[in-house]
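The block underneath contains the structure these notes are about, expressed in structure tokens.
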Amino acid sequence: MAQDQETGLYWQRSGSPQPLSQGAASTYVAELNRRAWGGRRDWRLPTLPELISLFTGTKSPVGLYIDPVFDSRQPFCWSATDSPAGGAYGVLFFPGSVQVQNREQRAFIRAVAGEVKKLPDFSPSRELIAKGREMLFSHGRRRLPSLGEVEGFLQEGGLFSEVALTERKHLYFLPTSEFLRALIRLCRHLGVKRVLEVGAGEGFMAGALAARGLPVVATDLEAAPGEPYGVPVQRASHLEAVAAFQPELIFWCWPPLGSRAPQELLQARGWEYYLDVGDGGCATGTANLVPQFRGRYLHNLSRLGYTRLDWGPFRHNRCFLYRSAF
């Protein structure tokens with residue numbers, strides 16, 4: 001047990017040994033109180049402001065935005081605060097964010113006790129969620145916002161994950177119109193014309209680039225039928241796509257966490273440049289990709305795109321450019 005001297009709250013240093021649904025939190029907390037764990041019987045699931053109060057401005061030695069006194073085995077914890085979108089809020093101490101998700105999904109429980117001193121208020125707004133929907137979607141299809149629109153939404157306290165939950169969309173990367181213009185400038189600077197997108201989903205990025213004068217071959221292992229964004233998405237794995245289209249530049253927006261596919265791409269022949277749009281292997285793609293293959297961080301491009309994890313001072317979109325070793 002640890003006491004936060006600023007808020008006066010008592011916290012579990014660790015928490016539940018396994019991730020649980022939010023509904024299972026009441027059973028876990030009730031057991032703590034039945035046993036008078038830590039000599040207390042007032043344990044409860046923390047509110048979102050209480051959980052946010054644990055954020056630190058810098059990472060711990062194990063990469064969490066929380067004091068090292070806490071166990072690192074609970075990187076994502078539930079709060080007791082419900083979202084108007086129909087889910088509940090949780091805090092990711094790795095990589096440092098607030099996220100809304102369905103209550104049946106799983107996260108850890110870190111119980112809190114004691115009376116809290118004043119914390120910043122958190123009042124979920126249905127109007128702000130509606131504003132986010134209008135910014136990112138139009139008639140159920142993705143819309144490309146400007147950088148100013150996105151920054152304004154975040155400054156008002158908006159959460160991209162909340163918008164995604166209301167739209168029931170698997171939304172990870174959120175490009176802006178400025179991001180696409182910068183990507184086109186990068187391709188022109190590198191002198192590349194044959195561009196391939198892997199993991200293209202429904203083809204939103206490829207369609208937006210094509211509309212701005214940069215034709216892109218879009219591929220995905222699970223390509224959806226139809227052309228909702230005006231370009232066909234061809235069914236192919238990352239390696240099949242490279243072999244078939246021999247691109248000069250490949251880009252991939254947010255490869256799945258833990259996937260070895262980006263590393264397999266970098267070790268394959270048949271391309272000159274690979275642009276990895278993610279966060280450098282911390283919450284997406286292959287860990288240690290950047291140091292192993294000497295990825296060059298593109299600061300300007302990175303600052304023009306966002307992810308569903310972005311919140312407050314924490315930014316997670318990071319673009320790295322690799323050059324083929326062959």
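Among the candidates GLU240, GLU248, the residue that is touching a Lys or Arg at 6+ places or on another chain (Cβ under 9 Å) and either of a type in the set (Asp, Glu) or buried (at least 21 other Cβ atoms within 10 Å of the Cβ) (or both) is uniquely GLU248. The set of residues in the stretch 163-198 being modelled with pLDDT of 95 or more, within 30 Å of TYR89 (Cα to Cα) and under 19 Å from the mean Cα position of the chain (by Cα) consists of PRO175, THR176, PHE179.
What do you reckon, is SER123 within 18 Å of TYR89 (Cα to Cα), without any contact (Cβ under 8 Å) to a residue 24 or more places away in the chain and not acidic (Asp, Glu)? Judged against the criteria, SER123 is a match. Can you work out which of the residues in the stretch 2-44 that are assigned to a loop (DSSP other than H, G, I, E, B) and touching a strand residue (DSSP E or B) at 6+ places or on another chain (Cβ under 6 Å) is nearest to VAL116 (Cα to Cα)? Looking at the filtered set, the residue picked out is LEU9. In the stretch 262-276 there is at least one residue matching the filter, namely being touching a Cys at 6+ places or on another chain (Cβ under 9 Å), in the same structural domain as PHE314 (by TED's automatic domain parsing), buried (at least 22 other Cβ atoms within 10 Å of the Cβ) and not in a loop (DSSP other than H, G, I, E, B).
Answer yes if at least one residue in the stretch 112-126 is at pLDDT 90 or above and assigned to a loop (DSSP other than H, G, I, E, B), and no otherwise. Scanning the stretch 112-126, I find at least one residue that is at pLDDT 90 or above and assigned to a loop (DSSP other than H, G, I, E, B), so the answer is yes.
The values are calculated or read from the model by the stated rules, or taken from the named source; none is laboratory data. What you see is a predicted model, and the numbers here were worked out from it, not measured in a lab. Glycine gets a Cβ as well: all are built from the backbone with ideal geometry, and neighbour counts include every protein chain shown.
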